[in-house]
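Structure, as structure tokens:
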Amino acid sequence: IYLFYILVFFFFLMMRRPPRSTLSSSSAASDLYKRQSYGLDVASSSDGSTGQAFVVNGAFKPADLSKFQSEYKLAKTPVKTLVGPDSGSASIEASLDSQYITTTGKGIDTTFVFLDSSQSTPFSDWLVWAAKAGDSIPKVHSLSLGAPEDQVGEALMTRMNSEMAALGLRGVSILFASGDSGYQIQQKFGAASPYVTSVGGIFNGELRDSPLQADSLTTGGFAASSANKAGAWQKDAIASYVKNRKAGSLPAKIDQTQRAVPDLSAYDDMITIVQNGVDTTVSGTSAACPMVAGMFASINEALAAGGHNTTLGFANPFLYANQAAFLDITKGDNRGIAAVVGYDPVSGLGTFSEQTFSLLKAAALKAAAARVPICLLYTSPSPRDS
């Protein structure tokens, strides 16, 4: 019942810009290693059992992860569980995901889930495993791959949406990188799914000497398929963007019933990883997604440490209800959509300031103490300061 019936080979690694020489060092990237700059070291910790998973179509080397953590003086957080084979080769994607989800998700039980991209429906293994995993399933899943909606097909997207919605109801947060193709009429799926959190990218401009702005290659816009409609939690944000958007932005006409991508953003330029024992740099939303996933997992750990038997689960209603916690990004564009005050489908709600994680953690703890289901925590946000 969980195996998909459409034979389409589609999901592939998101294209990311090739590494470029650093003209100025990025404090946003280096501060991530410090953790306290994001309020992460003040996070409560329990036994790590709420779990986090990175789902990729490549392998990683545990020795690279260990070297990365030693090099940047990070807590040793090995990958605890392997689902599917790990060849031991060091793919860029798996190296990146393993090293950054364990950076922001310090000390949390981490699972590697392998996707066999030679299959016609490579996501079926992940979804079948997740459906059978029981209560021990990691409560945060990070995925940095996808394909345009029209290549996936409406039937398959509808089926996957049903499966991912079911995971959300079980307390699992699913995060997808939005992609690195700039503005697109067809959004990448699964980032376009209304049942996941889509993560875009920000950087300091092409010369890396400008204020934080939307990454010019971040995929964003409005879903094209009727399978991907905007949830109630996003309707006010979309209306705000339509009101504030700049002249000449694409598309010329917006269907406000369609899902907008991304939901939020994180720094994604010249991110250092260890691959085959050597330091190298990569860029793109594939870097941003596992960073945010680890933060979500850290909030789940804070909830567990506070004695609350709940997790973020489907997080978007919670995120949009706490829009004021994010640092608004008002500069930059993705060659079609320009960032504006408030929500925009290039940087989303914004990015993480030094206070964002702490504010979101506090809001989740408050909701849990009041026994308010976090996944239902959407009310229209107050007007934001400009």
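Just a few scattered comments:
- Long-range neighbours under 8 Å by Cβ, at least six apart or interchain, first residue in contact (Cβ under 8 Å) with a residue 24 or more places away in the chain within the stretch 240-266, second buried (at least 17 other Cβ atoms within 10 Å of the Cβ) and basic (Lys, Arg): Val261/Lys188
- Among the residues making up the stretch 113-158, those that are part of a strand (DSSP E or B) and over 18 Å from Ala94 (Cβ atoms) are Ala147, Pro148.
- Of the numbered criteria (1) surrounded by fewer than 21 Cβ atoms within 10 Å (Cβ to Cβ); (2) within 23 Å of Thr102 (Cα to Cα), the one Thr158 fails is (2).
- Of all residues in the stretch 72-88, those satisfying the criterion of being touching a residue at least 24 places away in the same chain (Cβ under 8 Å), open to solvent by 50 Å² or more (accessible area, probe 1.4 Å) and not hydroxyl-bearing (Ser, Thr, Tyr) are Lys73, Pro78, Lys80, Leu82, Pro85.
- Residues of the stretch 89-112 satisfying the condition of being assigned to a loop (DSSP other than H, G, I, E, B) and open to solvent by 40 Å² or more (accessible area, probe 1.4 Å): Ser89, Lys106, Gly107, Asp109
- Test: residue in the stretch 27-40 that is touching a Lys or Arg at 6+ places or on another chain (Cβ under 7 Å), modelled with pLDDT under 85, closer than 30 Å to Asn334 by Cα and open to solvent by 50 Å² or more (accessible area, probe 1.4 Å): no
- Answer from Ser144, Ser136, Ser124 - the residue that is open to solvent by less than 10 Å² (accessible area, probe 1.4 Å) and within 27 Å of Gly48 (Cβ to Cβ): Ser144
- The one condition in (1) within 22 Å of the chain's Cα centre (by Cα); (2) farther than 21 Å from Val292 by Cβ; (3) among the hydroxyl-bearing types (Ser, Thr, Tyr) that Thr110 fails to fulfil: (2)
- Single condition Ile299 does not satisfy, out of (1) open to solvent by less than 10 Å² (accessible area, probe 1.4 Å); (2) assigned to a strand (DSSP E or B): (2)
- Qualifying residue in the stretch 196-217 (condition: farther than 20 Å from Gly350 by Cβ, among the acidic types (Asp, Glu) and modelled with pLDDT under 95): yes
- A single member of Ser142, Ser118 is among the small types (Gly, Ala, Ser) and at pLDDT below 90, and it is Ser118.
- Test result for Ala321, under 27 Å from Lys235 (Cβ atoms) and in contact with a strand residue (DSSP E or B) (Cβ under 6 Å, 6 or more places away or on another chain): no
The values are calculated or read from the model by the stated rules, or taken from the named source; none is laboratory data. Please read all numbers here as calculations on a predicted model, not as lab measurements. Please note: Cβ atoms are built from the backbone with ideal geometry, for glycine as well, and neighbour counts cover all protein chains shown. The area values use the complete protein model at the heavy-atom level, side chains included, leaving out ligands, DNA and RNA. Shrake-Rupley method; radii C 1.70, N 1.55, O 1.52, S 1.80 Å.
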